[in-house]
Amino acid sequence: MFATMKKAVHLNALRALEASARHQSFSAAADELNVTPAAVGQLVRSLEDAVGLPLFYRKPSGKSRLIPTKTVELALPHMRAGLDSLAQGLAQLQAGSNSGVLTVTVSPAFAAKWLLPRIDRFQSLQPDINVRLDTSAKSIDFAVQDVDIGVRYGAGVWAGLVSEKLMEEEIYPVCSPQLLQGKNALDLTQEMLIHDRSMDGFIGFPSWDDWLAQAGLTNATLSKVDTSRGMQINNSAAVLQAVINGHGVALARSVMARDDVAAGRLVRLFPEITFSSPLAYYVVYQAESAHMATLKTFRDWLFAEVSSTHERNFI
């Protein structure tokens, strides 16, 4: 038992030593390893106690830096090769233990409005792959949560993940057919506005103000719409359901609304006005997991599904 604990501590200490030597800083190593600088320092000291030698000295140069000793410099190539081999071995073990299970993370809204209506097609093509769906509105740590692949909405950059653009989208107002019944058009100054707050605070997420600023250039009435009023909902799928139920008009994301518009549950308003979202949907995964057969199969299916239904560009 104690021997096992000692080996585990030494492995973490080696990772701390390698990162500290590469960055010449405990703080930068701590950021990479997602621990505190004090923890990195303690791990390095545990190695120094084990080998009986100092491993770093500090060299002031405007800002104090950690300088690896000659002994560390000689050992680093072997340590890095060993750590890389261990990482590859662990990835292989994980791939073997989960060979028939693929854990996919998406937002609850994307699951409800895009993935779940299509997932039967994947299961028909790949009956031996069991999809474990993790629906979370927040970004999660793929390594900690044992997630293989996901679809995220944003600008395309997530630390530690490979991202490939899957779909772009357009933003437009929608209402229920019942709300439009008997009218040639809707006056948005008189209608209940429904606001999507699912990504509050996220830079670039389109709002009513954004859409109206562009729409007002060609439609003077739209420039008079008061966006301070209305219903606020923090789930994009729930926003669309509220519209389907006749509660008002919402600014829809085309990827989410596509099936409802096609089925006649929603009506697109002001089709002459186009507004492209600065954000898009991306397939994301860890670089070290890219070799997994199940991951590659699901990734390829996602892109094929988008291409076959002409969803890669605006819908």
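Annotations
- Restricting LEU74, LEU47 to residues that are more than 38 Å from the chain's Cα centre (by Cα) and either in a helix (DSSP H, G or I) or among the hydroxyl-bearing types (Ser, Thr, Tyr) (or both) narrows the list to LEU74.
- So PRO271, is it in a loop (DSSP other than H, G, I, E, B), under 16 Å from MET167 (Cβ atoms) and modelled with pLDDT under 95: no
- When region 194-249 is filtered for residues that are over 22 Å from GLU272 (Cα atoms) and charged (D, E, K, R), the ones remaining, listed by number, are ASP196, ARG197, ASP200, ARG229.
- Restricted to region 282-294, and to residues there that are farther than 19 Å from MET167 by Cβ and among the aliphatic types (A, V, I, L, M), the residue that is surrounded by the most Cβ atoms within 10 Å (Cβ to Cβ) is MET292.
- Scanning region 159-169 for residues that are among the aliphatic types (A, V, I, L, M) and surrounded by fewer than 17 Cβ atoms within 10 Å (Cβ to Cβ) yields ALA159, VAL162.
- Among the residues of region 118-136, those identified as among the hydrophobic types (A, V, I, L, M, F, W, C) and surrounded by 13 or more Cβ atoms within 10 Å (Cβ to Cβ) are ILE119, PHE122, ILE129, VAL131, LEU133.
- Subset of region 207-259 that is assigned to a loop (DSSP other than H, G, I, E, B) and of a type in the set (A, V, I, L, M, F, W, C) - its residue that is modelled with the highest pLDDT: VAL225
Let's see how each residue does on (1) within 27 Å of PHE303 (Cβ to Cβ); (2) part of a helix (DSSP H, G or I); (3) touching an Asp or Glu at 6+ places or on another chain (Cβ under 7 Å); (4) not aliphatic (A, V, I, L, M):
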site: TRP114; (1), (2), (3), (4): yes, yes, no, yes
site: GLN123; (1), (2), (3), (4): yes, yes, no, yes
site: LYS138; (1), (2), (3), (4): yes, no, no, yes
site: ALA143; (1), (2), (3), (4): yes, yes, no, no
site: GLY160; (1), (2), (3), (4): yes, no, no, yes
site: LYS165; (1), (2), (3), (4): yes, no, no, yes
site: ASP187; (1), (2), (3), (4): no, no, no, yes
site: ILE194; (1), (2), (3), (4): no, no, no, no
site: GLY204; (1), (2), (3), (4): yes, no, no, yes
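- Only one of the numbered conditions (1) surrounded by fewer than 19 Cβ atoms within 10 Å (Cβ to Cβ); (2) among the acidic types (Asp, Glu); (3) not assigned by TED's automatic domain parsing to the domain that holds SER236 is violated by ASP187, and that is (3).
- For beta carbons closer than 7 Å, sequence separation of 6+ or different chains, a first residue in region 189-215 that is in contact (Cβ under 8 Å) with a residue 12 or more places away in the chain and a second that is in a helix (DSSP H, G or I) and of a type in the set (Val, Ile, Thr), the qualifying pairs are ILE194/VAL239; ILE194/VAL243; ASP196/VAL239.
- Test: residue in region 170-183 that is surrounded by 12 or more Cβ atoms within 10 Å (Cβ to Cβ) and of a type in the set (D, E, K, R): yes
The values are calculated or read from the model by the stated rules, or taken from the named source; none is laboratory data. All values reported here derive from a predicted model rather than from experimental measurement. Reconstructed Cβ throughout: ideal geometry from the backbone, glycine too, with neighbour counts over all protein chains shown.
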